[in-house]
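Note sheet for the following structure.
The values are calculated or read from the model by the stated rules, or taken from the named source; none is laboratory data. What you see is a predicted model; the values in this text were computed from it and never measured. Cβ coordinates were reconstructed from backbone atoms using ideal geometry, including for glycine residues, and neighbour counts include every protein chain displayed.
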Amino acid sequence: MRRTLVTIVFIFAAAASLPTAIADEPADTATPEAVRNDAISKLVAWKTEPAEVDLKNAEDLDKTQPYLTARGLLMVTNSLNQDDKMVQKGVDILEAQAKRDPTDPVAEYYLGVALNWLEKRGQAKAAWSRARDRAEAQIEKDPRDPRAHFYRGAALVQLQDSAEAIKELKKAERFGFDPTMVNFQLGLAYLLEEKWGLAKEAFDEVHSVDQRYAHLYFYRGLAWDKLDRKDQMLKDFDQFVRLAPNAPEAKTARAILSAMK
């Protein structure tokens, strides 16, 4: 059981977002980046309906690369396990936007997320490697760029370079990136490091800010299992499937819940 729990850490990779400080701008003055920031911050928490509303309210930006990146991720997220054609359309949009702006790590990162959900592991790893490299290039231009440090760190988590990822993620937070998103990625990195207590604490920080951030419950459940608190693991898994019934990990969570009843 425990080996199974740890090895599924990488099914969900989208626990990252851009800073949301400008998300409250009026719709008529919002930039494409601000719209993407807000929509993606909701999508990674599995709040698909509010993200769709954000994008619908900014349809005048629907030709821009940031907007289409968020739109592609929304299509994939909404259609998983339901409409394979729409999933592929979302993947195609993400791939096109990654090519459209060869400096942008965001589209490449979420392309990796989508490919990983489709169990195309090799292609996902290649996308995350490109996201890492693009973020590195941005850091060379601006060593204090919080987004670049975040996406380099998030990509390194998925590439299983946890020690370097932790360093990057802490830099991202120090330079002003969204601490909730940083803590989620830190939790994943600490799971890789088998630092179960630190992982739980990182997910607790996410919970303290957003109790409807669905995937914190799944991954905190993994930490609870390793801390010999299966009672808490089951509570978190139950909450996870309530919040994200169509998420890729929900099948695993349901199977564990059923087996342990």
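Within region 47-69, which residues are in a loop (DSSP other than H, G, I, E, B) and either of a type in the set (S, T, N, Q) or surrounded by fewer than 13 Cβ atoms within 10 Å (Cβ to Cβ) (or both)?
Quick first cut of region 47-69, residues in a loop (DSSP other than H, G, I, E, B) only: 47, 57-58, 62-64.
Result: Asn57, Lys63, Thr64.
Here are some residues: Leu94, Leu74. Which one is in contact with an Asp or Glu (Cβ under 7 Å, 6 or more places away or on another chain) and assigned to a helix (DSSP H, G or I)? Unique residue meeting the criteria: Leu74. Restricting Asp228, Asp210 to residues that are on the phi > 0 side of the Ramachandran plot, at pLDDT 95 or above and not hydrophobic (A, V, I, L, M, F, W, C) narrows the list to Asp228. The one condition from (1) surrounded by fewer than 17 Cβ atoms within 10 Å (Cβ to Cβ); (2) farther than 20 Å from Met181 by Cα that Leu94 does not meet is (1). If the condition is being crowded, with 18+ Cβ neighbours inside 10 Å and in a loop (DSSP other than H, G, I, E, B), then region 97-114 contributes only Asp104. When residues of region 217-243 are filtered for being crowded, with 24+ Cβ neighbours inside 10 Å and within 21 Å of Asn78 (Cβ to Cβ), how many remain? So the count comes out to 3.
Of the residues that sit in region 115-151 and are of a type in the set (A, V, I, L, M, F, W, C) and within 14 Å of Phe175 (Cβ to Cβ), which one is surrounded by the fewest Cβ atoms within 10 Å (Cβ to Cβ)?
The extreme case among them is Ile139.
Annotation: of all residues in region 70-91 being buried (at least 21 other Cβ atoms within 10 Å of the Cβ) and among the β-branched types (Val, Ile, Thr), the one that is nearest to Ala247 (Cα to Cα) is Thr77.
Here are some residues: Arg147, Arg71, Arg152. Which one is touching a residue at least 60 places away in the same chain (Cβ under 8 Å) and of a type in the set (D, E, K, R)?
Details: Arg71 fails: touching a residue at least 60 places away in the same chain (Cβ under 8 Å); Arg152 fails: touching a residue at least 60 places away in the same chain (Cβ under 8 Å).
Every option except Arg147 fails the conditions.
Selection of region 32-57 for residues being β-branched (Val, Ile, Thr), farther than 19 Å from Val209 by Cα and either in contact with a Leu (Cβ under 8 Å, 6 or more places away or on another chain) or at pLDDT below 95 (or both) yields only Val35. Inside region 211-261, can you point out the residues that are in contact (Cβ under 8 Å) with a residue 60 or more places away in the chain and not in a helix (DSSP H, G or I)? Once the filter is applied, which keeps residues that are in contact (Cβ under 8 Å) with a residue 60 or more places away in the chain and not in a helix (DSSP H, G or I), region 211-261 yields Arg212, Tyr213, Ala244, Asn246, Ala247, Pro248, Glu249.
Quick one: in region 9-31, which of the residues that are surrounded by fewer than 16 Cβ atoms within 10 Å (Cβ to Cβ) and either modelled with pLDDT under 50 or of a type in the set (Phe, Trp, Tyr) (or both) is farthest from the chain's Cα centre (by Cα)?
At the first step, the residues of region 9-31 found to be surrounded by fewer than 16 Cβ atoms within 10 Å (Cβ to Cβ) are 21-22, 24-29, 31.
From what is left, the residues that are either modelled with pLDDT under 50 or of a type in the set (Phe, Trp, Tyr) (or both) are 21-22, 24-28.
Values: Ala21: 18, Ile22: 19, Asp24: 21, Glu25: 23, Pro26: 26, Ala27: 25, Asp28: 28 Å.
Selected residue: Asp28.
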